[in-house]
Amino acid sequence: MAERLRLDKLLCYLGAADTRSAARDAVRAGRAWVNGVAERDPGRVLDPTQTQVSLDGEPLAYRRWRHVMLHKPAGVITAARDPRAATVMDLLPALYAACGCLPAGRLDKDTEGLLLLTNDGALTHRVLSPRTGITKCYLAEVNGPLDTDDVLAFAQGITLTDFTALPATLTILESQPDGARALCKVQEGKYHQVKRMFGARGRAVTYLKRLSIGPLALDNALEPGAYRELTPEEVAALYTATGLPIPKE
């Protein structure tokens, strides 16, 4: 059985209202119906899987799980909220916050690329845990050349001041005396990890973009700041890769 929700919260969860206040006003105005009967109590507690809710005559479909792919732009922080800076949640409609979607991991403020948001805590845990073996692939540009010694160092696991990074895959795409481009695949996602790994090799990262998380690849059609929900195929692949059963609505 799904979590039982107040009607005003459920309307937000379903994307029918941006705020709980707006949802309460709609209910009190007689615009909400529950199982074919007008309902004016915004505090009525319901099982959304066993209840048909409509607003202004339009049926609202309940979905327990939400999974979102966001092309995070640079300059936005990965947080649920921040009083001083724009966050990734500000780029999404309010319904995602209402239904508990949160980032599965973080990207640095100046890093762009794929960010997964989900309201399944078990999935988030599996995606982030190094034990699961979910690799994250980044495109990195650095301020100097890279060579086979760097590739070997990444493969052996680079020792940093507070931990030794797990073995990673470094694929050099282009290397010139004044800069290089490479793909870096890591199993961890610790604070500034990719930047620190390159730093340990004497290179500063000038650009960083996450391209994939396990089988989930950033949709090339998404511009920075754009988002979409995962397709059923992407959801199935992600759950399978993390060893979790594919959820049913």
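The values are calculated or read from the model by the stated rules, or taken from the named source; none is laboratory data. All of these numbers come straight from a predicted model, not from anything done at the bench. All Cβ positions, glycine included, derive from the backbone under ideal geometry; neighbour counts span all protein chains shown. The accessibility values were calculated without ligands, DNA or RNA, using every heavy atom of the protein model including side chains. Shrake-Rupley method; radii C 1.70, N 1.55, O 1.52, S 1.80 Å.
Per-structure values
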quantity: Hey, Tyr239 exposed (fewer than 13 other Cβ atoms within 10 Å of the Cβ) and under 17 Å from Ala104 (Cα atoms) or not; calculated: no
quantity: Qualifying positions in segment 4-30 - in contact (Cβ under 8 Å) with a residue 12 or more places away in the chain, of a type in the set (D, E, K, R) and open to solvent by 10 Å² or more (accessible area, probe 1.4 Å); calculated: Arg4, Arg6, Lys9, Asp18, Arg20, Arg24, Arg28
quantity: Segment 187-226, residues that are open to solvent by less than 40 Å² (accessible area, probe 1.4 Å), touching a Lys or Arg at 6+ places or on another chain (Cβ under 9 Å), at pLDDT 95 or above and part of a loop (DSSP other than H, G, I, E, B); calculated: Gly214, Leu218, Leu222, Gly225
quantity: Scope segment 227-249; condition among the polar types (S, T, N, Q) and either over 17 Å from the mean Cα position of the chain (by Cα) or part of a helix (DSSP H, G or I) (or both); matching residues; calculated: Thr240, Thr242
quantity: Neighbours by Cβ (under 6 Å, 6+ apart or cross-chain): first from segment 31-60, farther than 15 Å from Gly15 by Cα and among the β-branched types (Val, Ile, Thr); second open to solvent by 90 Å² or more (accessible area, probe 1.4 Å) and part of a loop (DSSP other than H, G, I, E, B); calculated: Val45/Arg4
quantity: Among the residues listed as Asp47, Asp82, Asp110, the single one being within 20 Å of Cys184 (Cβ to Cβ) and over 15 Å from the mean Cα position of the chain (by Cα); calculated: Asp110
quantity: Qualifying residue in segment 154-167 (condition: outside any loop (DSSP other than H, G, I, E, B), touching a Pro at 6+ places or on another chain (Cβ under 6 Å) and loosely packed, with under 14 Cβ neighbours inside 10 Å); calculated: yes
quantity: Which listed residue is at pLDDT 95 or above, more than 21 Å from Leu11 (Cβ to Cβ) and open to solvent by 60 Å² or more (accessible area, probe 1.4 Å), from Thr124, Thr148, Thr118; calculated: Thr148
quantity: One residue from Leu115, Leu146 being touching a helix residue (DSSP H, G or I) at 6+ places or on another chain (Cβ under 9 Å), closer than 30 Å to Gly202 by Cα, among the hydrophobic types (A, V, I, L, M, F, W, C) and part of a loop (DSSP other than H, G, I, E, B); calculated: Leu146
quantity: Residue within segment 95-103 that is in a strand (DSSP E or B) and without any contact (Cβ under 8 Å) to a residue 60 or more places away in the chain present; calculated: yes
quantity: Looking only at segment 174-186, and only at residues there that are in contact (Cβ under 8 Å) with a residue 24 or more places away in the chain and open to solvent by 30 Å² or more (accessible area, probe 1.4 Å), the one that is nearest to the chain's Cα centre (by Cα); calculated: Lys185
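Rundown of residues vs (1) in a loop (DSSP other than H, G, I, E, B); (2) closer than 26 Å to Pro232 by Cα; (3) at pLDDT below 95, yes/no style:
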position: Glu3; (1), (2), (3): yes, yes, yes
position: Gly15; (1), (2), (3): yes, yes, yes
position: Ala23; (1), (2), (3): no, no, yes
position: Pro59; (1), (2), (3): no, yes, yes
